[in-house]
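The values are calculated or read from the model by the stated rules, or taken from the named source; none is laboratory data. All values derive from a computational prediction rather than experimental measurement. Cβ placement follows ideal geometry from the backbone for every residue including glycine, while neighbour counts extend to all protein chains displayed. Surface accessibility is based on the protein's heavy atoms, side chains included, excluding ligands, DNA and RNA. Shrake-Rupley method; radii C 1.70, N 1.55, O 1.52, S 1.80 Å.
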Amino acid sequence: MDVAFRRAVAEARRRGDLYFAGLLPEDRILEAFGRARWFWQGWIYSPAVTLWVFLAQCLSADHSCREAVAQLIAWRLSRGLKRCSADTGAYCTARERIPAEASLQLARETGRTVDEQAPSEWRWLGRRVLDVDGSTITMPDTPENQAAYPQVPGQRPGCGFPIARIVVVFSLAVGTVLDAAIGKYQGKQTGENSLFRTLHGLLRERDVVLADRYFSGWFDLALLQQRGVDSVVHKHQLRATDFRTGRRLGPGDHLVRWSKPPRPDWMSPEQYASLPDQLTLREVRVVVRQKGFRTKELVVITTLLDAESYPAAEIAALYRRRWQAELHLRSLKIVLQMDHLRCKTPHRVRNEFYMHLVAYNLIRQLLSVAACRAGVEPWTVSFKGTLQT
């Protein structure tokens with residue numbers, strides 16, 4: 001578990017008021033709301049206050065609306081403002097009006113701002129690395145949620161929760177969420193790689209995508225390469241590996257060619273024709289040693305073909321850092337308790353998901369600032385201190 005993140009969350013919870021009001025200025029919230037802010041009515045629950053209370057609710061241990069409103073009251077009294085009602089009805093009504101697009105934009109903007117401000121030495125060989133991973137989340141068993149995110153087909157009705165698949169793209173440098181997607185758990189085009197394709201607009205030329213075997217398909221690699229994006233992914237276990245073939249670059253390191261498979265149903269003929277007939281890929285053997293566990297060997301596929309600029313040892317070291325995405329997801333699902341959401345309609349579920357990402361990014365922002373001051377990288381910082389607002 002990310003100890004620094006856990007400490008930062010514990011410190012935030014001890015505050016007992018709107019902790020994120022000092023981290024997410026009102027002008028950034030209004031910018032995300034766009035024209036929707038002009039249709040907002042409410043003396044107490046303005047767009048900014050509603051978002052701050054929602055973030056406090058995502059941060060709190062019990063995630064209740066009552067606790068969130070109590071934190072708003074404490075925040076108002078600490079600033080000499082009149083106490084508001086403890087009734088949660090007005091807050092719930094205001095939260096319902098939050099556009100999901102605004103919540104997602106805030107999640108993207110808070111994550112990318114921290115990533116762009118990262119020192120250059122935090123980059124991998126000068127490249128921006130995107131750590132991609134997927135998971136699932138559940139939600140209350142309501143007819144609306146079941147319709148949008150059906151429970152696992154093997155479960156009897158009434159015996160399971162609606163379930164959604166999520167894919168999250170993290171910055172390897174600072175650990176923030178750069179983008180995310182949520183969709184059904186099962187059905188056509190609901191896999192992790194399919195969800196990730198909807199996020200390709202995030203990618204910039206010379207980015208490096210770091211991912212597990214679910215993202216190692218021929219078309220996934222080709223589409224990224226077409227954008228000028230390189231990949232470092234775990235090779236799928238169904239593909240054979242023979243380091244005696246291909247062009248040898250070193251021990252456990254060679255170049256191979258993969259021919260283009262038949263066109264899949266989800267791809268248009270035009271897009272299929274735009275891809276090359278073959279991909280030249282590099283296979284690197286990676287040895288993973290972990291104290292208390294058996295040594296494992298796996299093969300990594302990459303489009304970084306230059307062995308001088310990207311030695312096999314650097315490729316192996318980079319892939320070993322892929323586990324950070326799993327730790328970040330664990331921090332979201334366990335520390336921030338995002339594994340089971342509380343909202344009873346799909347619109348609110350999506351907003352709750354995005355708000356957890358915003359809260360996570362703002363805490364990562366604190367850790368990044370602390371790391372810069374200490375002259376260390378974010379995942380090694382020991383967070384101790386209180387936010388002054």
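Remark on K235: its backbone amide H falls under 5 Å from those of V299, V300, I301, a criterion applied only to residues 5 or more positions apart or on other chains, H modelled at 1.01 Å from N.
Given a Förster distance of 22 Å, report the FRET efficiency between Q237 and T198 from their Cβ-Cβ distance, rounded to the nearest 0.05.
Working: r = 26 Å, r/R0 = 1.18.
Calculated transfer efficiency: 0.25.
Here the range 121-187 and the range 294-359 have alpha carbon centers that stand 11 Å from each other. For E121 and T245, the FRET efficiency from 1/(1 + (r/R0)^6), where r spans their Cβ atoms and R0 equals 45 Å, is about 0.75.
Once the mean of 1/r is taken over each pair of separate Cα atoms and inverted, the range 105-182 shows a Kirkwood hydrodynamic radius of 14.6 Å. Placing dummy labels 7 Å off each Cα toward the beta-carbon, the span from A374 to V3 is 1.0 nm. A cut-off of 5 Å between modelled amide H atoms, ignoring neighbours fewer than 5 places along the same chain, links L203 with no other residue.
Only protein heavy atoms count here; under a 1.4 Å probe, W323 has an accessible surface of about 130 Å². A Cβ-based charge dipole, computed about the Cα centre of the chain with Lys and Arg at +1 and Asp and Glu at -1, lands at about 660 debye.
Taken about its Cα centre, the range 260-345 carries a charge dipole of about 740 debye when Lys and Arg each add +1 at the Cβ and Asp and Glu each add -1 at the Cβ.
Could you please put I44, I137, I334 in sequence from largest to smallest accessible area, using a 1.4 Å probe?
On the way: I44 50, I137 0, I334 90 Å².
Solvent-accessible surface, decreasing: I334, I44, I137.
Binning all Cα-Cα separations of the range 184-314 at 10 Å, short to long from zero, yields these whole-percent fractions: 11, 40, 34, 14, 2, 0. With all protein chains in place and ligands, DNA and RNA left out, the 1.4 Å accessible area ranks E11, E96, E116, E205 as E205, E116, E96, E11, largest first.
In this view, the solvent-accessible surface of R197, computed with a 1.4 Å probe and all protein chains in place, comes to about 50 Å².
Relative contact order for the range 140-234: what is it in percent, counting Cα pairs under 8 Å that are at least 6 residues apart? Please report the intermediate quantities before stating the final value.
On the way: 132 pairs, mean separation 18.5, N = 95.
Rounded, it is 20 percent for the range 140-234.
Our coupling estimate for the range 270-278, obtained by passing each phi through the Karplus curve with A = 6.51, B = -1.76, C = 1.60 and θ = phi - 60°, is 5, 5, 4, 5, 6, 8, x, 6, 9 Hz, Gly and Pro reported as x. Among rounded, prolate and oblate, which fits the range 67-119 when a ≥ b ≥ c are the square roots of the eigenvalues of its C-alpha gyration tensor, a/c under 1.5 means rounded, and a/b larger than b/c means prolate? Oblate is the answer for the range 67-119, as a/c is 1.5 or above yet b/c matches or exceeds a/b. Accessible surface of the chain, 1.4 Å probe: 50 percent of it comes from carbon and sulfur atoms. Sequentially through the range 346-358, phi angles give Karplus couplings (6.51, -1.76, 1.60; θ = phi - 60°) of x, 4, 5, 4, 4, 4, 5, 4, 5, 5, 4, 5, 4 Hz, Gly and Pro residues having no value and appearing as x.
Each Lys and Arg Cβ is given +1 and each Asp and Glu Cβ -1; about its Cα centre, the range 109-259 then shows a dipole of about 700 debye.
Does the range 51-162 come out rounded, prolate or oblate by the C-alpha gyration tensor, with a ≥ b ≥ c the root eigenvalues, rounded set by a/c under 1.5 and, if not, prolate when a/b is larger than b/c and oblate if not? Note, shape of the range 51-162 comes out oblate. Taking the inverse of the mean 1/r over every pair of distinct Cα atoms in the chain gives a Kirkwood hydrodynamic radius of 22.6 Å.
Annotation: amide H of K184 within the under-5 Å range of R165, sequence separation 5 or more or interchain, hydrogens built in the peptide plane.
For the range 92-224, a/c is not less than 1.5, where a ≥ b ≥ c are the root eigenvalues of the C-alpha gyration tensor, and a/b does not top b/c. That puts it in the oblate class. Residue-wise HN-Hα couplings along the range 2-16, as the Karplus relation 6.51 cos²θ - 1.76 cosθ + 1.60 with θ = phi - 60° gives them from phi, are 6, 5, 4, 5, 4, 5, 5, 5, 4, 5, 5, 5, 6, 5, x Hz; Gly and Pro carry x.
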